[in-house]
Amino acid sequence: MDALLDGGFADPVLQSQTAFRAVLDALANPGTLQTLAMPQAAPNGMGAELVSILLTLCDHDTSLWLDPALRADGALVEFLAFHTAAPLTDSAAAATFAAASSANHLPPLDQFNLGTQEYPDRSTTIVLAVPALGGGPALVLRGPGIKDQIAVSPQGLPADFLAQWVANRELFPRGIDLLLVADGQVLGLPRSTRIAEGQ
Amino acid sequence: MTTVAQYNFAYLDEQTKRMIRRAILKAVAVPGYQVPFSSREMPMPYGWGTGGVQVTASIIGPSDVLKVIDQGADDTTNAVSIRAFFAKVAQVETTTRTAEATIIQTRHRIPEKPLGKGQILVYQVPIPEPLRYLEPRETETRKMHALEEYGLMHVKLYEDIARHGRIATTFAYPVKVEGRYVMDPSPTPKFDNPKMHMSAALQLFGAGREHRIYAVPPHTEVASLDFEDHPFTIQHFPEPCALCGAREVYLDEVILDDHGGHMFVCSDTDHCEDRRGAGHVGPLGVAQEAAE
């Protein structure tokens, strides 16, 4: 199979609907794990979960920032150009969407587009692939979409993630929204969520 | 042989759905903030719920069960035609039963039965900007939201009290979402405002003519604006529903003859049918078995 031509969703209409509802449920219920629709084949360099979300939400209207490792992968860049037509940007501050294959390649969150006080919706949505959505250090989430509180333990977040997130939360209504993906699932952290260290 | 042109699943083209989906995600991330979107022409006039229809078309999938209500009723023109529209273009199952629906599109009511986890309530919104009648300029209202400058809204409610002795606003009663954005709950009666607070369902609002989408995620604080000495109150009805005897529900007045005869019945038709099915009978109702 030709990964470039055949690698997208087998059924683009219904699978992108499934993936969208997963992302919607993930952002509306932060801390819950939602199952994405998977593309038939994904280019080697990028996880199928990242591909699923980019296929679902990106098109010629959305500038896309790729981390340096993804950006250096010619086959992947071709794949995304063919399937989404999203213009790539080198400036994190100009990105509508940002995809990162690892927290090591992710710049500080405040380097991305944070939106403006008048138009907070213009901020970047970051999609970060992590090794796993469980088994890491415990975090406790509170905020809209969460009844009381919920505990999560994703692995592979940036070392100073909590401090970065507190700064991001303080900007509300400005700020980035974060989607963590692994193992066919997505976990949403909208800017409205407050995160604290768990027990 | 004639072949009927096939629409894309759920009518909208995929690029439009992606654009609306991105707006919905940002709306969920910033509860109460109105996200601009590029509203499309729909095969129905503005005022018939084009915003709600576009939101529903962008979220709906083949496994969804759709309920549509217009002022609480499943059987009015607007509700029937939108339900038929989605049955045709998305081949989804439709229902009138609140508990069975995964998506409920509504014009100006919230069902009496509390909504559950996983349900999505889609509102049709005519004027999304709560400050619009106070300040016609979009540049100004946008700045007022940005600066959280809502004094004008309180002045409006205060003028109500000065004139009428109470807050006379009874529908589209402004709310504050999560302590930040003042939001128009669409022209629902203020009776329904408390149902928005900490609801287990996701609430999405679509304004087609005005090109805005906004949202209230589940378990989110929605406070109706008021004053310490004039707290927010909802309407109370002196009589129960004439058909099912329900109290503490929103009632519609129905004229019975031209001699002033009238009765009050549940605005939520599904709720009323449910209660009558369970054997409740109001003062003008007929017990179900006797009626058959």
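The values are calculated or read from the model by the stated rules, or taken from the named source; none is laboratory data. Owing to the predicted nature of the structure, the values given are computational and were not obtained by experimental measurement. Quick reminder, even Gly has a Cβ in these numbers, built from the backbone with ideal geometry, and neighbours come from all protein chains shown. Please note that ligands, DNA and RNA were not included when accessible areas were found on the heavy atoms of the full protein model with its side chains. Shrake-Rupley method; radii C 1.70, N 1.55, O 1.52, S 1.80 Å.
List of remarks:
- Subset of segment B:76-90 (residues that are more than 22 Å from B:Asp252 (Cβ to Cβ) and either among the small types (Gly, Ala, Ser) or free of Cβ contacts under 8 Å to residues at least 40 places away in the same chain (or both)): B:Ala84, B:Ala87, B:Lys88, B:Ala90
- Any hit, segment B:191-205, residues being open to solvent by 20 Å² or more (accessible area, probe 1.4 Å), assigned to a helix (DSSP H, G or I) and away from chain A (no Cβ under 14 Å): yes
- Pick from segment A:172-183, criterion touching a Ser or Thr at 6+ places or on another chain (Cβ under 9 Å) and open to solvent by 10 Å² or more (accessible area, probe 1.4 Å), ranking: farthest from the other protein chains (Cβ to nearest Cβ): A:Arg174
Yes/no per residue for (1) farther than 29 Å from B:Gly51 by Cα; (2) of a type in the set (D, E, K, R):
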{"position": "B:Ala223", "(1), (2)": "no, no"}
{"position": "B:Leu251", "(1), (2)": "no, no"}
{"position": "B:Arg276", "(1), (2)": "yes, yes"}
{"position": "B:Leu284", "(1), (2)": "yes, no"}
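- Number of residues in segment A:16-54 that are within 10 Å of chain B (Cβ to nearest Cβ), polar (S, T, N, Q) and not in a loop (DSSP other than H, G, I, E, B) equals 3.
Residues are listed down the side, and each one gets a yes or a no for (1) more than 14 Å from chain B (Cβ to nearest Cβ); (2) free of Cβ contacts under 8 Å to residues at least 40 places away in the same chain; (3) open to solvent by less than 40 Å² (accessible area, probe 1.4 Å):
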| position | (1), (2), (3) |
| --- | --- |
| A:Ala81 | yes, yes, no |
| A:Thr84 | no, yes, yes |
| A:Asp110 | yes, no, no |
| A:Asp121 | no, yes, yes |
| A:Gly145 | no, no, yes |
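- B:His145 passes every criterion in (1) touching a residue at least 40 places away in the same chain (Cβ under 8 Å); (2) surrounded by fewer than 17 Cβ atoms within 10 Å (Cβ to Cβ); (3) in a helix (DSSP H, G or I); (4) facing chain A (nearest Cβ under 10 Å) apart from (2).
- From the list B:Thr170, B:Thr139, the one residue that fits, being within 10 Å of chain A (Cβ to nearest Cβ), of a type in the set (Val, Ile, Thr) and under 24 Å from B:Glu210 (Cβ atoms), is B:Thr139.
- Test: residue in segment A:59-69 that is free of Cβ contacts under 8 Å to residues at least 24 places away in the same chain and part of a helix (DSSP H, G or I): no
- Some residue of segment B:29-36 being more than 8 Å from chain A (Cβ to nearest Cβ), within 30 Å of A:Ile176 (Cα to Cα), assigned to a loop (DSSP other than H, G, I, E, B) and open to solvent by 10 Å² or more (accessible area, probe 1.4 Å): yes
- Residues that are within 22 Å of B:Glu129 (Cα to Cα) and outside any helix (DSSP H, G or I), drawn from segment B:158-176: B:Ile167, B:Ala168, B:Thr169, B:Thr170, B:Phe171, B:Ala172, B:Tyr173, B:Pro174, B:Val175, B:Lys176
- When B:Ala223 is tested against the conditions (1) surrounded by fewer than 21 Cβ atoms within 10 Å (Cβ to Cβ); (2) in a loop (DSSP other than H, G, I, E, B), the lone failure is (2).
- For segment A:185-199, filtered to residues that are open to solvent by 10 Å² or more (accessible area, probe 1.4 Å) and assigned to a loop (DSSP other than H, G, I, E, B), the residue that is nearest to the other protein chains (Cβ to nearest Cβ) is A:Gly198.
- Selection status of A:Thr35, without any contact (Cβ under 8 Å) to a residue 24 or more places away in the chain, within 30 Å of A:Arg142 (Cβ to Cβ) and either surrounded by fewer than 20 Cβ atoms within 10 Å (Cβ to Cβ) or over 15 Å from the mean Cα position of the chain (by Cα) (or both): no
- In segment B:41-89, residue nearest to the other protein chains (Cβ to nearest Cβ) [restricted to those that are hydroxyl-bearing (Ser, Thr, Tyr) and part of a helix (DSSP H, G or I)]: B:Ser58
- Enumeration of residues in segment B:152-167 that are of a type in the set (A, V, I, L, M) and open to solvent by 30 Å² or more (accessible area, probe 1.4 Å): B:Leu152, B:Val155, B:Ala162
- If you go through segment B:237-292 and keep only what is in a helix (DSSP H, G or I), among the charged types (D, E, K, R) and open to solvent by 60 Å² or more (accessible area, probe 1.4 Å), you end up with B:Glu273, B:Arg276, B:Glu289.
- A:Asn168 meets the conditions (1) part of a helix (DSSP H, G or I); (2) within 18 Å of the chain's Cα centre (by Cα); (3) surrounded by fewer than 21 Cβ atoms within 10 Å (Cβ to Cβ) in every case but one. The failed one is (3).
- Members of segment B:15-44 found to be over 22 Å from B:Ala215 (Cβ atoms) and modelled with pLDDT of 95 or more, listed by number: none
- Total residues in segment B:66-92, condition open to solvent by 20 Å² or more (accessible area, probe 1.4 Å) and farther than 24 Å from B:Phe191 by Cβ: 8
- In the set (1) within 24 Å of B:Asp64 (Cα to Cα); (2) open to solvent by 20 Å² or more (accessible area, probe 1.4 Å); (3) within 14 Å of chain B (Cβ to nearest Cβ); (4) not in a helix (DSSP H, G or I), A:Ala10 fails one condition alone, (3).
- Residue match in segment B:183-190 (condition: part of a strand (DSSP E or B), charged (D, E, K, R) and under 15 Å from B:Pro130 (Cα atoms)): no
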